[in-house]
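Peer 1: Starting off with a structure, shown below.
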2 protein chains.
Amino acid sequence: MGAVQADRTTTKPMTACESFPDDLTILLHAAVNQVTIYLDRAAVEMGLNDARDWLVLAALDDGQQRTQLELSRVVCVDKTTLITVLDRLEKQELVVRTVDPSDRRVRIPQITDAGRRVYATFAVARDEAEARALDGVSAGDRAVLVDILGRIARGPDADVPAS
Amino acid sequence: MGAVQADRTTTKPMTACESFPDDLTILLHAAVNQVTIYLDRAAVEMGLNDARDWLVLAALDDGQQRTQLELSRVVCVDKTTLITVLDRLEKQELVVRTVDPSDRRVRIPQITDAGRRVYATFAVARDEAEARALDGVSAGDRAVLVDILGRIARGPDADVPAS
DNA sequence: CTCAGATCATCTCGACTCGGACGATCTCGA
DNA sequence: TCGAGATCGTCCGAGTCGAGATGATCTGAG
C-alpha cells in the first residue's frame with residue numbers, strides 16, 4: 001500500500017519529481033513542484049487547505065488595503081478561485097471581508113489576529129524549509145538567485161513598449 | 001492593460017502576476033508562472049495543447065525506453081493525466097505507443113520523426129525565451145541559478161524524517 | 001436627475017485533474 | 001502446472017479551476 005499517503009479529504013496532487021537536469025524551464029518546474037509539496041504539507045498540518053491559503057494570508061499581512069481583484073493579481077490566483085479561498089479563510093475566521101464605505105461594490109479582505117498568528121507560525125515552517133533547501137548556498141549566491149528569479153517573474157519586458 | 005488575450009478554445013489559466021519580491025517561494029511561483037505563460041503560448045502556436053505536451057516530447061526525445069509510469073515520474077505528471085496527453089500526441093502522430101514484447105503489460109511511448117521536428121522547433125522558441133529572460137545575466141550567475149534550482153528540485157533529502 | 005457604460009464580487013457551467021477502482025499480464029513459490 | 005500477489009495501463013467519479021454571464025454599484029455626460 002501507499003506508505004506515506006496523506007489522509008486528505010480533498011484531492012491534492014502529490015507527484016514527487018525526479019527530473020532530468022537538462023533545461024532551465026524544466027528545472028524551474030521541478031523546483032517549484034518540490035517546494036509546493038513541502039509547503040502544502042506544512043499548510044495542511046496547521047489547518048490550512050493549501051499553500052495558496054498561506055500565500056493569500058501573506059499578501060494580506062502587509063496591511064495594504066486591497067480589493068479582491070487586486071489581491072488576486074498579486075498572488076497569481078484567478079479572481080474566481082480567490083473567492084473560494086477567502087470563503088474558507090473567512091469561515092476559519094482568519095480573514096474578514098469588509099465593505100469599502102466609499103465604494104460599496106468592493107470588498108476589502110483583511111487579516112484577523114488569528115490569521116496573523118497562523119501566518120506567523122507558517123512563516124517559521126517556511127523559513128526552515130527554505131533554509132534546508134538552501135543549505136550550503138552562500139549568501140551571495142542566494143542574492144543572485146533572488147535577483148534572477150525576480151527578473152524572470154517580472155517578465156521579459158514587463159512593459160511592452162507600445163508597439 | 002492586458003490586450004494580448006489569446007483566443008483559446010480550451011480552458012487555460014492566463015493569470016499574469018505582479019508579485020511582491022519578499023519571499024523566495026513566492027518568487028519561485030511567480031517565475032514559473034511567467035515561464036509557463038510564455039511556453040503555453042508558444043506551444044499553442046505550433047499546434048500543441050500545452051507546455052506539458054512539449055515536456056513529454058522532451059522526455060521522449062532522449063531516446064531512452066521508458067514505460068508510461070516511468071515517464072510520468074520524469075515529467076512530474078500524474079500517470080492518469082499522462083494518458084490523455086499521450087492520446088492527444090498519438091492522434092497528432094507525434095508519438096506512438098509500442099508494446100514491450102518482453103512484458104506485454106507495459107507500453108513504451110516513442111517519439112516519431114514528426115514529433116522530433118515539432119520538438120526541435122519548440123526548443124528554438126524556448127531557447128529564445130530563456131535568452132530573453134536571462135538577458136544581461138552572466139554565465140557564472142546562470143550556473144549558480146541552475147545549480148541551486150537543481151538542488152531544490154532534488155529535494156532536501158527526498159525523505160523528510162517524520163519528526 | 002437620468003441613464004448608459006464601466007467595474008466589482010459572485011455564480012454558472014464546461015473542461016481538467018487525480019485517487020481509487022479494474023482487467024490484463026507477469027513473477028514466483030509450491 | 002497452478003494460483004496468489006504485484007505491476008502495468010486504463011476507466012470512472014468526485015473535486016477543482018477559470019472564462020463568461022449576472023447583479024449590484026459607481027461614474028460621467030447630457
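Peer 1: Among the listed residues A:123, A:129, identify the single one that is away from DNA strand C (no atom under 15 Å from the Cβ), within 11 Å of chain B (Cβ to nearest Cβ) and in contact with a helix residue (DSSP H, G or I) (Cβ under 6 Å, 6 or more places away or on another chain).
Peer 2: A:129
Peer 1: Turning to a different aspect of this structure: Looking at region B:61-72 only, could you name the residues that are away from DNA strand C (no atom under 16 Å from the Cβ) and either among the small types (Gly, Ala, Ser) or in contact (Cβ under 8 Å) with a residue 40 or more places away in the chain (or both)?
Peer 2: If the condition is that a residue be away from DNA strand C (no atom under 16 Å from the Cβ) and either among the small types (Gly, Ala, Ser) or in contact (Cβ under 8 Å) with a residue 40 or more places away in the chain (or both), then B:61, B:63, B:66 are the ones that fit.
Peer 1: Ok, one more. Quick check on region A:126-144: of everything there that is surrounded by 15 or more Cβ atoms within 10 Å (Cβ to Cβ) and part of a loop (DSSP other than H, G, I, E, B), which residue is nearest to the chain's Cα centre (by Cα)?
Peer 2: If we take residues in region A:126-144 being surrounded by 15 or more Cβ atoms within 10 Å (Cβ to Cβ) and part of a loop (DSSP other than H, G, I, E, B), then A:134 is nearest to the chain's Cα centre (by Cα).
Results for (1) farther than 21 Å from residue B:25 by Cα; (2) part of a helix (DSSP H, G or I); (3) open to solvent by less than 30 Å² (accessible area, probe 1.4 Å); (4) within 11 Å of DNA strand D (Cβ to nearest atom), shown as yes or no for each residue.
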residue	(1), (2), (3), (4)
A:70	no, yes, no, no
A:82	no, yes, yes, yes
A:115	no, yes, yes, no
A:124	no, yes, no, no
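Peer 1: Additional query: Restricting to region A:73-118, give me the number of residues that are near DNA strand C (Cβ under 7 Å from one of its atoms) and within 19 Å of residue A:48 (Cβ to Cβ).
Peer 2: Of the residues in that region, 3 qualify.
Peer 1: OK, next. Do we have any residue at all in region B:90-101 that's within 14 Å of residue A:26 (Cβ to Cβ) and outside any helix (DSSP H, G or I)? Working first, answer last.
Peer 2: Keep residues of region B:90-101 that are within 14 Å of residue A:26 (Cβ to Cβ), which gives none.
No, the conditions are met nowhere in region B:90-101.
The values are calculated or read from the model by the stated rules, or taken from the named source; none is laboratory data. Computed from a prediction, not measured in an experiment: that's the story for all the values here. Here Cβ is always computed from backbone atoms with ideal geometry, including for glycine, and neighbour counts include all displayed protein chains. Remember, those area values only see protein heavy atoms, side chains included, never the ligands or the DNA or RNA. Shrake-Rupley method; radii C 1.70, N 1.55, O 1.52, S 1.80 Å.
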